[in-house]
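J.: One structure, as C-alpha cells, below. Some questions next.
The values are calculated or read from the model by the stated rules, or taken from the named source; none is laboratory data. Treat the numbers as computed from the prediction; the structure is a model and nothing was measured. With ideal geometry, Cβ positions are generated from the backbone for all residues, glycine too; neighbour counts draw on all protein chains shown. The protein model used for the area step is the full one, side chains on, heavy atoms only, and it has no ligands, DNA or RNA in it. Shrake-Rupley method; radii C 1.70, N 1.55, O 1.52, S 1.80 Å.
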Amino acid sequence: MLVKDDTISATAQPEPTKKVFVKSYGCQMNAYDATRMTDVLAKEGYAETQAIEDADLVVLNTCHIREHASEKVFSELGKIRVLKQERLAAGKQTKITVAGCVAQAEGAEILRREKAVDLVVGPQSYHRLPELLARTGNGAGVVDTDFPIEDKFEFLADPAPERIRSRGLTAFVTVQEGCDKFCTFCVVPYTRGAELSRPVTQILKEVERLTASGVREVTLLGQNVNGYHGEGPDGRIWSLAKLAERIAQMPSIARIRYMTSHPRDMSDDLIAAHRDLPQLMPFLHLPVQAGSDRILAEMNRKHTAADYIRLIEKVRKARPDMALSSDFIVGFPGETEAEFKETLKLVEEVTFAFSYFFKYSARPGTPAAQLAEQVSDEVKVERLARLQQLVDTQRHAFNAATLGRDVDVLFEKPGRHPGQIGGKSPWLQPVHVDGPASLIGEVAKVRIIEVGSNSLYGRLLETPQEVAS
Ligand code: 5AD
Ligand code: SF4
C-alpha cells in the first residue's frame, strides 16, 4: 500500500506551541494556498486547529469573485474581533490575518475599517508570512500586497525546512497563476495579476515531494492552466501537454488532471495528449460561460458558441469518453430571454457531466459593471434554475450510463460502511465497493452495479498485482 505515515520530517521541526485556524473561500487555488500557508506556519510552531476559539492565529483566505465579497469579510471580521477580545480577557493573544483576493484588492483599507486586523497579505506574499507576522503586534497593522510572483513559485517548490504533511492520495499543484484574458465580468486579472507560469523543474520537484508522501494523483492548477508556458530544463518553453507527459513518466503518478482551462488555449498538442497519455484523465473543465455570440463578445471571451462546439468535437474525437464540465453565468448585463435560450441550446448540444452556475454579479472596477442594462435578480434566479435543471438531467444520464460498465477506480479512503472502500472514477465520480483497505492508493477495475444520485456502487473485478503479491 502506498499511503505513508501522516508526516515525513525533512529536518527537525519545532513541536507545535501555537494554533492556527484557516478559513478558505473560493477556488481550488485558494484551497491550495491555504495548505501551503499552514505548511509555512508549521515551521513557526503553529499546529492547525478546526476550533477558531482556540486559535492564536486566525487566517481568513478570502475570495473576491462574488458580490459583496468585501462586506462578507468585514462582517466575519467583526465576529472574530469579539472572539479576540474574549480571549484577551482570558489573557490570550489572537492575531488576525486577512489573505487572498479581498486582501489584494482592499489592501490597507482593511486595516482602516477593522482595527482588530494585524496583517493583510496578498496571494503572492505567503512565503513571507513568518517575517510579516513577526512585524505585527505593536499596535499598527502590517500590509503586504506586493507582486511579483516568482518568489512565491520558488517557495512552493522548496520543501527543505518544512515538515511535509501528506494530504492523502490526491494533491493540487499550482503551475500557473494570473490571467491576461480580461473577461469583462471578472476581477481575477486585477487581483491575481498577469499570467505567469512556473518553471518545469520547480513543478517536478514539488510533484516528486508529493509522490514521496504517497500522492498518486495530481491536479495541475492555474487560472488559465492550459495556457501554461513554463521554462523547461532544456531552456525551451514547455506547454501543458509536455509538462503532463513528463509528469506521467513518474512511476508513482497514476492520474493527472488540470483546471481551469480557457477555450482559446486548448491547443492541438494538449488534445493529442488526451489521446496518447493514459494518465491524463478524460475530464475537462472548460468554462463556456454563455451560449449567445453577442453575450460572449460582450464578455470578451473571444470565441463563439460554434467555436466551442467545434473544439469539443475535436476533443471527443481524440478521446471519445471525455467528460466535460463548465462554468456558466446567467443574467449578464443585457442578456435577453432569447440569448439565454442559446445557452440552453449549447448545453443540449454539448452535454455536460457537471457544471458550476453563477448569477452575474457586478464586480467594482470591471467593464461589465458599467453596463447599463443590468438583469433583475428575479430573472437571474429563474434562468439559473432552468439551466441547473438541464445540466442536472445530463449529469444523471451521464452517471446512469456507467451502469454495467467496468471502470478504473483510484481508491482513496475507507468507505462509509465497514469493509467498504471509496475512490474516484476517471470522470471524478465517487465509487464505493466492498474491498480491502490494502487497495487504498491503488487503481483497480470495478464493475458498476448501482448508480446513486451522487455516487456509484460497484464490485471489484481484479486485485492489482502489486497488492496481491
Ligand atoms: N459574476 C458571476 N460569476 C462570475 N464568475 C467570475 N466573475 C463573475 C461575476 N462577476 C464566475 C465565472 C468563472 C467562475 C470562476 O466564476 O463563471 O469562470
Ligand atoms: Fe476571469 Fe476570464 Fe481570466 Fe477566467 S479567463 S480568470 S473568467 S478573466
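J.: Of the numbered conditions (1) within 22 Å of the chain's Cα centre (by Cα); (2) over 30 Å from I329 (Cα atoms), L277 satisfies every one except a single condition; which is it?
T.: Checking L277 against (1) within 22 Å of the chain's Cα centre (by Cα); (2) over 30 Å from I329 (Cα atoms), the one that fails is (1).
J.: Follow-up question, since we're still on this one. Look at V98 and say whether it is outside any loop (DSSP other than H, G, I, E, B), open to solvent by less than 70 Å² (accessible area, probe 1.4 Å) and in contact with a Phe, Trp or Tyr (Cβ under 8 Å, 6 or more places away or on another chain).
T.: No, not satisfied.
J.: Please go through the stretch 347-369 and give me each residue that is away from ligand 1 (no atom under 12 Å from the Cβ) and not charged (D, E, K, R), ordered by number.
T.: Scanning the stretch 347-369 gives V347, V350, T351, F352, A353, F354.
J.: Please find, among A338, A372, the residue that is more than 16 Å from ligand 1 (Cβ to nearest atom), open to solvent by 40 Å² or more (accessible area, probe 1.4 Å) and modelled with pLDDT under 95.
T.: Working: A338 fails: modelled with pLDDT under 95.
Exactly one of A338, A372 is more than 16 Å from ligand 1 (Cβ to nearest atom), open to solvent by 40 Å² or more (accessible area, probe 1.4 Å) and modelled with pLDDT under 95, namely A372.
J.: Then there is this: Just to check your reading of the model, which residue among R294, R301, R264, R316 is more than 16 Å from ligand 1 (Cβ to nearest atom) and farther than 22 Å from D377 by Cα?
T.: R316
J.: Which number in (1) in contact (Cβ under 8 Å) with a residue 40 or more places away in the chain; (2) open to solvent by less than 70 Å² (accessible area, probe 1.4 Å); (3) not polar (S, T, N, Q) marks the one condition that F354 misses?
T.: Of the numbered conditions (1) in contact (Cβ under 8 Å) with a residue 40 or more places away in the chain; (2) open to solvent by less than 70 Å² (accessible area, probe 1.4 Å); (3) not polar (S, T, N, Q), the odd one out for F354 is (2).
J.: Oh, and also: Return the only residue of L296, L280, L324 being without any contact (Cβ under 8 Å) to a residue 40 or more places away in the chain, more than 16 Å from ligand 2 (Cβ to nearest atom) and open to solvent by less than 10 Å² (accessible area, probe 1.4 Å).
T.: On the way: L296 fails: more than 16 Å from ligand 2 (Cβ to nearest atom); L324 fails: without any contact (Cβ under 8 Å) to a residue 40 or more places away in the chain.
Only one candidate passes the filter, namely L280.
J.: For the subset of the stretch 408-421 comprising residues that are free of Cβ contacts under 8 Å to residues at least 24 places away in the same chain and not basic (K, R), which member is surrounded by the fewest Cβ atoms within 10 Å (Cβ to Cβ)?
T.: So, considering only residues that are free of Cβ contacts under 8 Å to residues at least 24 places away in the same chain and not basic (K, R), the one surrounded by the fewest Cβ atoms within 10 Å (Cβ to Cβ) is P418.
J.: Test P287 against the stated conditions and say whether it is away from ligand 2 (no atom under 16 Å from the Cβ) and assigned to a loop (DSSP other than H, G, I, E, B).
T.: So P287 does not fit the description; no.
J.: Six or more apart or on different chains, Cβ atoms under 7 Å: show the pairs whose first residue is in the stretch 255-267 and touching a residue at least 24 places away in the same chain (Cβ under 8 Å) and within 18 Å of D307 (Cβ to Cβ) and whose second is among the polar types (S, T, N, Q) and part of a strand (DSSP E or B).
T.: Close Cβ pairs satisfying both conditions: S267/S239.
J.: Separate question: For residues that are in contact with a helix residue (DSSP H, G or I) (Cβ under 6 Å, 6 or more places away or on another chain) and not in a loop (DSSP other than H, G, I, E, B), tally how many sit in the stretch 329-343.
T.: Here the count works out to 3.
J.: So, D39, is that one under 11 Å from the mean Cα position of the chain (by Cα), within 20 Å of L210 (Cβ to Cβ), of a type outside the set (S, T, N, Q) and open to solvent by less than 10 Å² (accessible area, probe 1.4 Å) or not? Give the derivation first.
T.: Numbers: under 11 Å from the mean Cα position of the chain (by Cα): no; within 20 Å of L210 (Cβ to Cβ): yes; of a type outside the set (S, T, N, Q): yes; open to solvent by less than 10 Å² (accessible area, probe 1.4 Å): yes.
No; evaluated as a whole, the condition is false for this residue.
J.: So the check is Cβ under 9 Å with 6+ separation or different chains; which pairs have a first residue in the stretch 115-136 that's outside any helix (DSSP H, G or I) and a second one that's surrounded by fewer than 19 Cβ atoms within 10 Å (Cβ to Cβ) and aromatic (F, W, Y)?
T.: Note: pairs meeting the criteria are G122/F147; Q124/F147; S125/F147.
J.: Just for the stretch 357-369: of the residues that are within 12 Å of ligand 2 (Cβ to nearest atom) and more than 24 Å from A385 (Cα to Cα), which one is most open to solvent (accessible area, probe 1.4 Å)?
T.: Out of the qualifying residues, it is P367.
J.: What do you reckon, is L88 open to solvent by 10 Å² or more (accessible area, probe 1.4 Å), in the same structural domain as A34 (by TED's automatic domain parsing) and either touching a residue at least 40 places away in the same chain (Cβ under 8 Å) or of a type outside the set (S, T, Y) (or both)?
T.: Yes: the conditions hold for L88.
J.: Moving to a separate point now. Given the criterion among the hydroxyl-bearing types (S, T, Y) and under 30 Å from Q104 (Cβ atoms), identify the matching residue among T366, T393, T351.
T.: Going through T366, T393, T351 in turn, just one is among the hydroxyl-bearing types (S, T, Y) and under 30 Å from Q104 (Cβ atoms): T366.
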